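No value in this document is a laboratory result; all are computed from the given coordinates. Everything numeric here is computed off the predicted structure, so don't read it as measured data. Backbone-built Cβ (ideal geometry, glycine too); neighbour counts: all protein chains shown.
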Ligand code: C2O
């Protein structure tokens, strides 16, 4: 195994998109940021120097961080932020994962421009499929004409929903359907006959995305750095945080083809952004000829509200082979996941419907990040008053879709920094039940530090009497982010074998801003994190 060293300088960088120039925060001046490559078993050491005027942390999305929770990165969960002028060395080992992950900022909305691919190659090219000719990371992102930090600050101040982005992007470029973007459209050169591996990453802040390639079928072979049973499809759907690896054979006439992505906006009755980002797959047409300038073919994409297309795609993802699902279950948890409307503080005017503020909660608790200490440090050092351990294991009320009889208490969640303690080594089964009070939509729920099996998903209320029979205990997919279907549920299972404090949240950043998060505390001693490595000496001070 090797150790790979990287220097990441967080800095303001001038860029031009959609006819406007402005400064964005980048790593090393690159947008998207640098690609990190490693092999299974390698160690990564990333020295982050903050030369920007914002606090920042970086998160290695999907990396299990076994015993290295200090390197996980979510601000005020596992570390205090790296202040302007400060630095921190993230050091961790890739254990047991292969495929596509990514990294991103985990402070405020900085991840809008601070993200990149993290690719884990198999040892000795031992792919469970024929080695692809080329491997092409395709990062889907979202672009604001304004500073995204100001967009979220304004929304937080007023309680209103934040502005939609102005474009989606592929590898940092909106593509030629947006104004002033044609000449910078991402072009991916390919050659007739070869089979390539496309590593799709949804790095958008607030949008689930459908993706398709004109004229080409895609064979899905991996998701969230786990291999999957190959299946062929013409459209993918990725929630923010999710990755999907596909093999594509260049079996079409020499020409140009669009790769296009647009929102799967499952929210009912809510205005959505239906603009489309494009990149061009360009066949090489021989040695000396100039590249043919033909109008690329456009792929068919599902309608923005095509929940059937989205759920059919997700349900098609299975583990490559038979797995042994952990059991019996020690912790049987049931968490509601939903949006709500909070009361407006007395004497103020709020930007939500009927003078409310937009909010979100899990089991009626709207998560509040600490602001002066990280939860992991507070637990490790025994600092009181930073968090409480009374996160409820079951919802306080039963949500009823049929009668639309919504308990008033769901409109007024409790705010708090509540964690749920999991016994080290316990087998955890978690039902995630969507309960939106407005704007029913799909929530991509991500757990830090863990991969989990998705045993079943469905619409309506989860009913153990009939839905337990639907569990896939043979080849369920292993992922780090599950799309809880709109007005529906998902059941996941994992072993709490990694000590630390692990954030679980909706990966739509607007929802985490509203409190759609909680944290698990996995302790492997009696009130002591025994096998967790000691905190690095340069852990940023709180
Ligand atoms: Cu992709 Cu909390 O992270």
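Extension gain, residue 19 to residue 463: 0.36 nm times the residue separation minus the Cα-Cα distance gives 154.7 nm.
The mean of 1/r over all pairs of different alpha-carbon atoms in the stretch 1-159, once inverted, gives a Kirkwood hydrodynamic radius of 16.7 Å. Apply the Debye scattering formula to the stretch 331-523, with a single equal point scatterer on each alpha-carbon and no solvent, then give log10 I(q)/I(0) at q = 0.09 Å⁻¹. For the requested q values the scattering log ratios are -0.33. Here the relative contact order of the chain, from alpha carbon pairs under 8 Å that lie six or more residues apart, stands at 15 percent. For the peptides 531-542, 61-72, the ranking by mean Cβ contacts within 10 Å, running from highest to lowest, is 61-72, 531-542. Taking the fewest neighbouring Cβ atoms within 10 Å as the starting point, the ordered list for 255, 311, 324 is 324, 255, 311. Can you divide the C-alpha Rg of the stretch 1-84 by 2.2 N^0.38 Å and report the result to two decimal places? Normalised by 2.2 N^0.38 Å, the Cα Rg of the stretch 1-84 equals 1.23.
Taking other C-beta atoms within 10 angstrom as a stand-in for reagent exposure, 237, 504, 362 fall in the order 504, 237, 362, fewest first.
Can you order the peptides 514-523, 295-304 by their average number of other Cβ atoms within 10 Å per residue, highest first?
On the way: 514-523: 24.0, 295-304: 15.8.
In descending order of packing, they fall as 514-523, 295-304.
Compactness of the stretch 294-335, taken as the C-alpha radius of gyration over 2.2 N^0.38 Å, stands at 2.05.
Pull out a ≥ b ≥ c, the square roots of the eigenvalues of the alpha-carbon gyration tensor of the chain, then state rounded if a/c is under 1.5, prolate if not and a/b is larger than b/c, and oblate in the remaining case.
On the way: a/c = 1.32, a/b = 1.29, b/c = 1.02.
In terms of gyration-tensor shape, rounded.
Pairs of alpha carbons in the stretch 87-177 separated by more than 22 Å make up 49% of all such pairs. For the stretch 127-318, the Kirkwood radius over C-alpha pairs fed into Stokes-Einstein at 37 °C and 0.692 mPa s yields D = 188 µm² per second. Between helix 148-158 and the chain there is an angle of about 40 degrees, using the helix long axis and the longest principal axis of the Cα atoms.
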